[in-house]
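Quick notes on the structure that follows.
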Amino acid sequence: RRMLRWQAQPEAERLANQARLHALAAEALRAVPGSAIAADQPFRLFDVAVDFCEDAGPLGLDAAERIAEVFRAGGAEAKVSSIHVNAWIGDWDKRAGIEALFAARFQPFADVRDTVAFAGDSANDAPLFAAVACSVGVANVAPFLADMATPPAYITRAEGGAGFAEFAAALLKARGVTPEENAA
């Protein structure tokens, strides 16, 4: 009943990277009026998310790309999602993070990748779409599909949380769980 934490970066490096990212985020906010730090930023340890379409804006994908360019010009990696621009320091992505976590805490990810599912909504999810056979994109992944080397195997009709619920209902149905059993 205790939270177990595992970090891929040493704490001093993480803190230095966060400071650098926050300075770049301040530049991005000045460069793109109407953008804002994402509401869930206090819970992020390794990246910074600049909101252009959830609580801020909505601003277009052109504005999101301008935000991403500020981070890239400052030496960070940046990806545009359906609602945020996520930026981080280092050569890693969601797949690399999951693979490192599994190797450190569980078993090699390659041993389970055909038995798990992954759901995502944007281009920054592409590495896991490629790694997991049962990859699901919620409907708002559509604007990013043309730029993905490996799109999700399945795409829901609904966006966001409703798309995830659609996937969960399909998964439960495939496993023979009725809606009444699921509610219990």
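The values are calculated or read from the model by the stated rules, or taken from the named source; none is laboratory data. Since we're looking at a predicted model, the values are computed, not measured. Quick reminder, even Gly has a Cβ in these numbers, built from the backbone with ideal geometry, and neighbours come from all protein chains shown. For accessibility, only protein heavy atoms count, side chains too; no ligands or nucleic acids. Shrake-Rupley method; radii C 1.70, N 1.55, O 1.52, S 1.80 Å.
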Scanning region 151-167 for residues that are part of a loop (DSSP other than H, G, I, E, B) and of a type in the set (Ser, Thr, Tyr) gives THR156
Selected residue (criterion: nearest to the chain's Cα centre (by Cα)) from residues of region 5-27 that are in contact (Cβ under 8 Å) with a residue 40 or more places away in the chain and open to solvent by 70 Å² or more (accessible area, probe 1.4 Å) = ALA8
For ALA170, all conditions in the list (1) free of Cβ contacts under 8 Å to residues at least 40 places away in the same chain; (2) out of contact with any Phe, Trp or Tyr (no Cβ under 9 Å at 6 or more places or on another chain); (3) part of a helix (DSSP H, G or I) hold save one; what is the number of the exception?
-> (2)
For region 72-98, which residues satisfy the criterion of being without any contact (Cβ under 8 Å) to a residue 24 or more places away in the chain and within 16 Å of the chain's Cα centre (by Cα)?
-> GLU77, ALA78, ASP91
If ARG30 satisfies every condition in (1) surrounded by fewer than 17 Cβ atoms within 10 Å (Cβ to Cβ); (2) under 29 Å from SER135 (Cα atoms) but one, which is the exception?
-> (2)
